[in-house]
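Enquirer: Just dropping this structure here.
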Amino acid sequence: MRRLAAAGIPFYAPLIARRLRSATGRTRVSHVPLFPGYVFSLVDEDQRRTALETNTVARWLPIVDGEALVEDLRAVKRLVDSDRPLSPEARLEPGHDVRVRSGVLRGLDGRVVRRCGRERLVVAVRFLNQGVSIELEDVDLERD
C-alpha cells in the first residue's frame, strides 16, 4: 500500500484495529487488513500498469460490476468507521436480508447470521464472496 500511495495510485484497503496484550500486560493496538491480500483500486490503464510495475501486485482481478463493488465497499467503510468491534466473515451463510433502521448505520443493508448464539449483521463484498459482521440488537433491524 505504501508503494501504491507513493506512485499516486488511488486505492482502498479497509483496516481494523486489533488489540493485543503483551506478556507484560501492556495493550498494543495495530491496524490490520480486513481482507488480507486484497487492495481495491479503480484506475485507468496507465495507473494499472504503474501499479503492476511496483512489483507488489500479485494478480489483477477484473471487475464485472464496478458499481456493485463500490456499493459493497462503501457499506464496509461505514462499518469500519462506526468504531465498533468487527469480525471478518470468510464465507457467507444464507439468512434474512435486513436494513438497519436506527443509529449511525441507519439505511445499511445486510444479512443476519447467527454466530455463537448472537445476532450479527453481515455486509458482503460479493466480488470476494467474503464479508464483515457486526453485532447489533434485533430491535435495530427490519426485514428488507
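Enquirer: Just subtract the alpha-carbon distance of ALA5 and LEU20 from 0.36 nm times their residue separation and send over the number in nm, one decimal. Walk me through the numbers before you get to the answer.
Expert: Working: separation 15, 0.36 × 15 = 5.40 nm, distance 2.76 nm.
Full-extension gain reported as 2.6 nm.
Enquirer: So, one more: Could you list which residues have their amide H under 5 Å from that of GLY131, counting only those 5 or more apart in sequence or on another chain, with H placed in the peptide plane?
Expert: Close amide H contacts, sequence-distant or interchain: GLU89, VAL125.
Enquirer: Something else about it: List, largest first, the extents of the alpha carbons of the range 30-80 along their principal axes, each in whole Å.
Expert: 32, 30, 14
Enquirer: Here are a few candidate values for Rg and Dmax of the Cα atoms in Å: [x] 17.1, 50; [y] 15.0, 57; [z] 14.1, 40. Which one was actually calculated from the structure I just gave you?
Expert: Step by step, Rg and Dmax of the Cα atoms in Å for this structure corresponds to label [x].
Enquirer: Something else now. Under the 0.36 nm per residue contour assumption, what length would be gained going from the current alpha-carbon distance of SER30 and ARG99 to full extension? If you can, show how the numbers build up before the last one.
Expert: Values: separation 69, 0.36 × 69 = 24.84 nm, distance 3.09 nm.
Gain on stretching SER30 to ARG99: 21.7 nm.
Enquirer: Percentage of Cα-Cα pair distances in the range 1-61 greater than 14 Å, rounded to whole percent?
Expert: Working: 1136 of 1830 pairs.
Every Cα pair in the range 1-61 considered, those over 14 Å come to 62 percent.
The numbers here are math on the coordinates, done by the rules we state, and not lab data. All of these numbers come straight from a predicted model, not from anything done at the bench.
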